[in-house]
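Inspection log for the structure reproduced underneath, given as structure tokens.
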Amino acid sequence: MQGKIALEEHFAIPDTLLDSAGFVPAEYWPELKGRLLDIQERRLTEMDRHGIEMMILSLNAPAVQAIPDRAMALEIARRANDYLAEQVAKRPTRFQAFAALPMQDPELATSELERCVKTLGFRGALVNGFSQIADGRAPIYYDLPQYWPFWARVEQLGTPFYLHPRNPLPEDSRIYEGHSWLLGPTWAFGQETAVHALRLIGSGLFDAHPNLRIIVGHMGEGLPYSMWRIDHRNAWVKAPHKHKAKRKIRDYFNENFYLTTSGNFRTQTLIDAMLEIGADRILFSVDWPFENVDHAADWFDAASISETDRVKIGRDNAARLFKLDRPVSASVGIDQAAE
Ligand code: MN
């Protein structure tokens, strides 16, 4: 399929590059490093070769979320965002941007998101799971009350928020002791991100802010497969559920969430996601440079789904969600004129 749009596609700046170093064997690091630092050359070649018209780019992980010092987190976020804006400006029809945000401080995160959306023309934010604050040993999740003003602003801006994985902190990883193979994309990324997404839902956040749009990658981090069970455990017991959200968890998952195919190129899994959340809420992605563009595109282009769904998932859903029919220069101009 030509004209695909992909939106979990990462780059690094020198300050964040080494955050990605542990995820491949040492002999692959030069290749991964080259892929992360490149935007305008190898990446474009891969896109052209495999029918990807546009990538919405985001910083690697955990990057800003793993910087406990708020001022430093803001500085690195701004540095990455400014660099990304420059890169996107070179080819705005091929690249768009997600903001990195210093979520350690909800007010700083809000103002940086506003700057990125209104001044730099970014399409939303991609955040790498919980943030570390203070001594770095406490994970802060975004369902907590101090984040609700941030979410109110995200809803007002109308920009999607991509909740991207990171590994749990060592203090919270005892279940993986002796089984480090389970960390990262094998298992821990999905577990960590799925629980965070469920915390957001269960907190009642989407009752207060029903227009928030959250994106999760990797075909939903396992959530589609578990969605019925989450709402129906012990169904013979007529006690009310214990979460703060008013409706079933599934209702919010279906109305406030979008999934991407990043790093999970399996038709059986895609079909399950389509049966739970529907083809209108699934978006093609690669997870470059950690996954190969050809692996994603060759699988997706040939997957046994209808051509109508292929066009939705491959392109149209993203174009609608990110308003990509509206040129970024025009949208920035409108926002600046309004200020
Ligand atoms: Mn990723």
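The values are calculated or read from the model by the stated rules, or taken from the named source; none is laboratory data. Everything numeric here is computed off the predicted structure, so don't read it as measured data. In this analysis, Cβ positions are derived from the backbone assuming ideal geometry, glycine residues included, and neighbour counts consider all displayed protein chains. With ligands, DNA and RNA removed, areas are computed over all heavy atoms of the protein, side chains included. Shrake-Rupley method; radii C 1.70, N 1.55, O 1.52, S 1.80 Å.
Of the residues making up region 212-253, those that are part of a loop (DSSP other than H, G, I, E, B), touching a strand residue (DSSP E or B) at 6+ places or on another chain (Cβ under 9 Å) and within 16 Å of the ligand (Cβ to nearest atom) are Gly217, Glu221. Among residues belonging to region 163-183 that are more than 16 Å from the ligand (Cβ to nearest atom) and in contact with a strand residue (DSSP E or B) (Cβ under 7 Å, 6 or more places away or on another chain), point out the one that is most open to solvent (accessible area, probe 1.4 Å). Ranking the candidates gives Asp172 first. Scan region 206-248 for residues that are in contact with a helix residue (DSSP H, G or I) (Cβ under 9 Å, 6 or more places away or on another chain) and open to solvent by 10 Å² or more (accessible area, probe 1.4 Å) and the total you get is 21.
Let's see how each residue does on (1) assigned to a helix (DSSP H, G or I); (2) within 20 Å of Gly263 (Cβ to Cβ); (3) within 16 Å of the ligand (Cβ to nearest atom):
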| residue | (1), (2), (3) |
| --- | --- |
| Glu276 | yes, yes, no |
| His295 | yes, yes, yes |
| Trp299 | yes, yes, no |
| Ile305 | no, yes, no |
| Arg310 | yes, yes, no |
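Evaluation of Gly202 against the conditions (1) in contact with a His (Cβ under 6 Å, 6 or more places away or on another chain); (2) at pLDDT below 95 shows that the sole unmet condition is (2).
Here region 50-92 is the region considered, the condition is being of a type outside the set (A, V, I, L, M) and without any contact (Cβ under 8 Å) to a residue 40 or more places away in the chain, and the residue that is farthest from Ile133 (Cα to Cα) is Glu86.
Does Glu53 count as more than 16 Å from the ligand (Cβ to nearest atom), open to solvent by 30 Å² or more (accessible area, probe 1.4 Å) and farther than 15 Å from Pro14 by Cα?
Numbers: more than 16 Å from the ligand (Cβ to nearest atom): yes; open to solvent by 30 Å² or more (accessible area, probe 1.4 Å): yes; farther than 15 Å from Pro14 by Cα: yes.
Yes, satisfied.
Once region 14-37 is narrowed to residues that are in a loop (DSSP other than H, G, I, E, B) and within 16 Å of the ligand (Cβ to nearest atom), the residue that is surrounded by the fewest Cβ atoms within 10 Å (Cβ to Cβ) is Val24.
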